[in-house]
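The values are calculated or read from the model by the stated rules, or taken from the named source; none is laboratory data. Keep in mind that what you see is a predicted model, and the values were worked out from it rather than measured. Backbone-built Cβ (ideal geometry, glycine too); neighbour counts: all protein chains shown.
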Amino acid sequence: MDAEQATLLVQLSDRYADALPGIRDRSPEATVPVVLHAVQAHQCHRLLQSGPLWRKTSGDDRHPGDRAEDVAAALALLRVARTDLDGLEAAMPAARTTSTRTGKPLLTFKQIAAALDVQSEQAAQGRYRRKVGNLNSSGSGAGGTP
């Protein structure tokens, strides 16, 4: 995270401090995603409250303020969140290391696909290739078997 992104994170954290405790309770270690969630939740709430049906049924004529600068700051922080995620995906090669007990990869691509919630083994293999460079020789066939 560069200095500008750190400043944006501090500004948004301060502005959304009232929303952050509840969000942090759900994911205490995810600072950037937590703040991004708070900004997104505010914008959704603002859109809901600005609708004529909401104002009519609630009797509330206030129009919540736009926070375009917050949305721009949140978008700038997406790069940080993606970098963090890329760092976490660096653990993916560990899934294909050989088990000392069985001599086979710890996880098949079918198991990796399920854990990543991707559509297919081929999608999991594609992610693995992008992260690692190429498939290892042990068990790259269907279901992770040769």
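For segment 4-33, filtered to residues that are over 14 Å from Ala73 (Cβ atoms) and among the hydrophobic types (A, V, I, L, M, F, W, C), the residue that is modelled with the lowest pLDDT is Ala30. Counting only helices (runs of 4 or more DSSP H) that sit wholly inside segment 71-135, those with at least 2 residues that are in contact with an Asp or Glu (Cβ under 7 Å, 6 or more places away or on another chain) and modelled with pLDDT of 90 or more are 109-116. Residue count for segment 95-133 satisfying the condition of being of a type in the set (S, T, N, Q) and either within 20 Å of Leu85 (Cα to Cα) or touching a His at 6+ places or on another chain (Cβ under 6 Å) (or both): 3.
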